[in-house]
1. Can you sort K297, K90 so the residue with the fewest Cβ neighbours within 10 Å comes first?
2. Taking Cα pairs under 8 Å and at least six residues apart, what relative contact order does the chain come out at, in percent?
3. Which ordering of H308, H608, H422 is given by a fewest-first count of other beta-carbon atoms within 10 Å?
4. If you add up the charges near H606, with Lys and Arg at +1 and Asp and Glu at -1, over every other residue whose beta carbon is less than 9 angstrom from its beta carbon, what do you get?
5. For segment 290-428, rounded, prolate or oblate, judged on the Cα gyration tensor with a ≥ b ≥ c (square roots of eigenvalues), a/c < 1.5 rounded, else prolate if a/b > b/c?
6. Show me 518-525, 162-169 ranked by packing, highest mean number of other Cβ atoms within 10 Å first.
7. Would you order D272, D376 from fewest to most other beta-carbon atoms within 10 Å of each residue's own beta-carbon?
8. Using Cα pairs closer than 8 Å and at least 6 residues apart in sequence, work out the relative contact order for segment 523-632, in percent.
Amino acid sequence: MTPPTPGTATTLPVVAARGVRGRGVGGPAVRLHPEGELGRWQRLNREATVPHAVTQLGLAGNLENFRRLPDGDAEGYRGRYPFLDTDLYKTLEGVAVVLAEAPTPELTAFWEESLAAITAAQRPDGYLNTWYQAPDVPAEPWSDLSWGHELYDLGHLVQAAVAARRRLGDDRLLGVARRFADLAVQRYGPAGEPGYCGHPEVEMALVELYRETGVEDYLELARLFVDRRGEGRLVHRIFSAEYFQDAVPLRELDSVTGHAVRMVYLGAGATDVALETGDADLLAALERLWDDMVASKLYLTGGLGSRHSDEAIGDRFELPSERGYNETCAAIGTMQWGWRLFLATGRADVLDVVERVLYNAYAVGTSAEGTAFFYDNPLQRRPDHVQRSGAEIGGDLLRRPWFGCPCCPPNVVRWNAELGDHLAVLDEDSLTLALLTSASLDTALLDLDVRTDYPWDAHLTVTVRRAVDRPVALVLRVPAWTELTEVRVGGEVVPAEVVDGWLRLERVWAAGDGVEVALRQPTRLVRADPRVDALRGSRAVVRGAVVHCVEQVDSDADVEDLVLGPGSAAGIRPGPDHAVVVPVSVRRTTPGRLYRDEDEPADPVHPHHGVVFVPYATWGNREPGAMRVWLPDA
């Protein structure tokens, strides 16, 4: 199969949209501009993060685990987890995109070396897992679906293979993936064992494999995996059934629960199944779970997961700032689920959440240089904080170059590489710009150039380069935190109305037509629901989609003593490098008095001065120190 031609949809179909219909536009049809924020991320990914990941995979021995299998070696399996194959697969998924756009001899050599090692390691029956195939590992394949991750590995292999076929026209990895997928169908399909993986992920990969090949068996296996979960067939050792989303069927689940990454990957895969099968009941259950998550379990940054012990979501309104886990992989999974749910429903508010995750909970996971990462992403660090990122002890207080369980960095590699696949939707009569960033799009209806400094400035300019000779609707999402102030077409002000978060401009377009959309996005102070006990009496600074925080490096007073006064909101002004300056006061606390009687005098509050609040995604790039998103009221 040749790579998709410009304008060809390469992502997901919409089957039941409310106000937006069509298919995701992706692949070579979308090019991010390097001066735009997402284009800058993509360039950094290509120039720094991808080479760094390739180096780290070599140091960690991921590729060597494949190389050793045909002949064996004396050193044994590299690593402590049975799912480390996925770190190579996720990286290869991103590398396929980068090779299609900007190939280098070094990256091409890594690609060829990896494909050769993966192909040689696969068993004749299609099975592929370097942990269970390792001669020094005393475990049998398929013996531990709860923790073995074999189907999870298959999912990431499939996604890398589909990316290679679509972006490079390279079928070699797809042949490996299909042999493994066919083995899974044989073993766990309608005529096989009623099993399913302890870590959801393979579901969305199997649906994508069905879309690429048209083989119904893959879609049916994905459906079976979704519907079987909750039957309690997994062995629930170490953690409970809720951890695995295995206590009740997904359709009956009361709220998102358990291990955060597993939950959102399951939601994404189940939404794919609902899209392809037209299962309205399943889609309704997924919408209900999403809405409950947004209303009661999602951090202000869009992070998900309030518990370190089991990387789990926690109870409703259990959102402690300093103990927020908010794994970077969970942020990626939340965006994967949200994008699919948008395609299924057309809901602009779902994209608002995706965007909040994108610019906060996800963006914070990677350093400014692109070569160090956060595993967990709390909203507060205290001055005496000593716990390091991830599950390991020791290491750096800030971001780390790699982890013993390095699931997040390769996930960043592939998500950044594929950002362009999550911007627009096309149908027979309209082109929808779902997320706002500088990009060029080539589609069957319209070829466009989009210019914007979003999320820092909400002004948007769209220039038509080519158009069909009939009416076409250009539909733009207007984020909930913005206010539409003016729309100009061809330099003339036109009437405009935002309906359910969408601005629709329909006309016969011509090359050279320009659209200017002015959106106002003020800086604001926000409060949490009073049921969030950890945040009562506190406020946070937000501008547009971007959450801000204060770091100790920017304050001569202890961050722990800073409070927001009645005039803080009115005095906010722009600061350097997308920061804002916020008037604060200082509460001089009495040392040694953790508790006091109600009628004792309160600690005195002294007026201070403006303190710089930086975008949350940028914290931790200078020096270790205290950080806070939420500040108490004076």
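1. Placing the least packed residue first, the sequence is K297, K90.
2. The normalised contact order for the chain reaches 14 percent.
3. Starting with the residue having the fewest Cβ neighbours, the order is H308, H608, H422.
4. Result for the neighbourhood of H606: +2.
5. It is oblate, given that a/c is not under 1.5 and a/b is not larger than b/c.
6. Ranked by mean Cβ neighbours within 10 Å, highest first: 162-169, 518-525.
7. In order of increasing Cβ crowding within 10 Å: D376, D272.
8. Relative contact order comes out at 34 percent.
The numbers here are math on the coordinates, done by the rules we state, and not lab data. In this text, all values refer to a predicted model and were calculated from it rather than measured experimentally. Glycine gets a Cβ as well: all are built from the backbone with ideal geometry, and neighbour counts include every protein chain shown.
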